[in-house]
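A.B. asks: Okay, here's the structure, questions in a sec.
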Amino acid sequence: MRIARFSIDGNVAFGAVEGEGTVESGGLVLDIIKGIPYTDFELSGTKVPLSKVRLLPPVLPNKVVAIGRNYAEHAAELGNEVPDVPVAFFKPTTSVIGSGDAIEYPSFSNELHHEAELAVVIGRMCREVPRERVKDVIFGYTCANDVTARDAQQREKQWARAKGFDTSCPLGPWVETDMSIAAASDLTIQATVNGEQRQLGRTSDMIRSIEDLVVHITEAMTLLPGDVILTGTPAGVGPLNVGDEVAVTIEGIGTLTNKVIKRG
């Protein structure tokens, strides 16, 4: 099931996406959900065309835990070695935007990069999750773009501003809940800028698996329903300029699309 979060006539709700096609092509409708999707819920039977609503970030995470250098070719393209342990960092909730929202080019950077990523959405509160229970705490998967101010990342030697600025974490367009860990671990992932392919890889190229990442993160902290784990990006990251349209497409999930605008 594809679960979207949306607004219509000033009201915010979750809905199950039905039909075939893309956000842009039409043909999709939302069956509004009674309640919130992390617990048992019912479909209301009230349906609205997706074209009539504004898609919001599919979740409002308490925290986004991101993993750096989890694809060997991406680490190499930036001149980095593969770390001995996963490199984890946070993106604040204020960085999260939805599909169709604008990425605001930060004033402190002259080198903005796209990073297409598979995002894991947590479905229940969990801590110290054993490997065999990881499947039980995952709600689903969505597309993410770990937008990065590359010059600031290199200049400041830490990643809080470079990867945590407002609008730096597009998520969407929805969460695919009917997907096993095995399936999510071997998907095509790509990024295009203005229709030109920039990144193309498979999630099977991740150094640390989805299970590895959930175990590693929950050794240190409690994850809450709606929290998001970004699993790293394949090679091919590159520049974004004001006016560009960047799209992240993941097989079996959908396409996340955002335009870059000048801040202010």
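The values are calculated or read from the model by the stated rules, or taken from the named source; none is laboratory data. Remember, it's a predicted structure, so these values are computed and weren't measured experimentally. All Cβ positions, even for glycine, are placed from backbone atoms using ideal geometry, and neighbour counts span all protein chains on display. Calculation scope for accessible area: heavy atoms of the full protein, side chains included, ligands and nucleic acids excluded. Shrake-Rupley method; radii C 1.70, N 1.55, O 1.52, S 1.80 Å.
A.B. asks: For the range 141-211, list log₁₀ I(q)/I(0) at each q in 0.15, 0.17, 0.26 Å⁻¹, using the Debye formula over Cα point scatterers of equal strength and ignoring solvent, two decimals each.
C.D. replies: So the normalised log intensities work out to -0.69, -0.86, -1.18.
A.B. asks: When all protein chains stay in place, what accessible area (Å², nearest 10, 1.4 Å probe) is found for K52?
C.D. replies: Per-residue accessible area (K52): approximately 140 Å².
A.B. asks: How large is the convex hull of the C-alpha atoms of the range 222-264 per residue, in Å³?
C.D. replies: Given the Cα convex hull of the range 222-264, per-residue volume reads 147 Å³.
A.B. asks: Can I ask one more? Send over a whole-number figure in Å² for the accessible area per residue of the range 200-264, probe 1.4 Å.
C.D. replies: I get 38 Å² per residue for this part.
A.B. asks: Once phi is turned into ³J(HN,Hα) by the Karplus curve 6.51 cos²θ - 1.76 cosθ + 1.60 with θ = phi - 60°, what whole-Hz value does each residue of the range 192-197 show in order, with x for glycine and proline?
C.D. replies: 10, 10, 6, x, 8, 5
A.B. asks: Now for a different question. In debye, nearest 20, what is the charge dipole magnitude of the range 1-44 about its Cα centre with +1 on Lys and Arg Cβ and -1 on Asp and Glu Cβ, if you could check?
C.D. replies: Charge dipole, the range 1-44, about its Cα centre: 140 debye, nearest 20.
A.B. asks: Further, regarding this structure: Local charge sum around V175 (other residues, Cβ-Cβ under 13 Å, Lys/Arg +1, Asp/Glu -1)?
C.D. replies: With Lys, Arg at +1 and Asp, Glu at -1, the neighbours total -1.
A.B. asks: Treat the chain as a sphere of radius equal to its Kirkwood radius over Cα pairs and apply Stokes-Einstein at 20 °C in a medium of 1.002 mPa s; give the translational diffusion coefficient in µm²/s, rounded to a whole number.
C.D. replies: 116
A.B. asks: Which shape class applies to the range 1-43: rounded if a/c is under 1.5, otherwise prolate when a/b exceeds b/c and oblate if not, where a ≥ b ≥ c are the square roots of the Cα gyration tensor eigenvalues?
C.D. replies: Here the range 1-43 falls in the oblate category.
A.B. asks: Which three numbers, in whole Å and largest first, are the semi-axes of the equivalent ellipsoid of the range 69-145 derived from its Cα gyration tensor as √(5λ)?
C.D. replies: The equivalent ellipsoid of the range 69-145 has semi-axes of 26, 21, 11 Å.
A.B. asks: Rounded to the nearest 500, what is the chain's calculated 222 nm mean residue ellipticity when only DSSP H runs of at least 4 contribute -39500 (n - 2.57) each, over all residues?
C.D. replies: After summing the helix terms and dividing by the residues of the chain, the value is -3000 deg cm²/dmol.
A.B. asks: Using a Förster distance of 22 angstrom, determine the FRET efficiency expected from the C-beta separation of D40 and D166, and round it to 0.05.
C.D. replies: Here the calculated transfer efficiency is 0.05.
A.B. asks: Same structure again: Ordered by residue, what ³J(HN,Hα) values in Hz, to whole numbers, does the range 9-18 give under the Karplus form 6.51 cos²θ - 1.76 cosθ + 1.60, where θ = phi - 60° and Gly and Pro are x?
C.D. replies: Result, rounded to whole Hz: 6, x, 9, 10, 8, 9, x, 8, 7, 10.
A.B. asks: Does the range 1-143 classify as rounded, prolate or oblate by the C-alpha gyration tensor (a ≥ b ≥ c root eigenvalues; a/c under 1.5 gives rounded; else a/b over b/c gives prolate, otherwise oblate)?
C.D. replies: oblate
A.B. asks: What residue among A13, A184, A220 has the largest mean-square fluctuation in a Gaussian network model of the chain, using Cα springs under 10 Å?
C.D. replies: A220
A.B. asks: For V29, V193, what's the largest-to-smallest order of accessible area, 1.4 Å probe?
C.D. replies: Correct descending sequence by accessible area is V29, V193.
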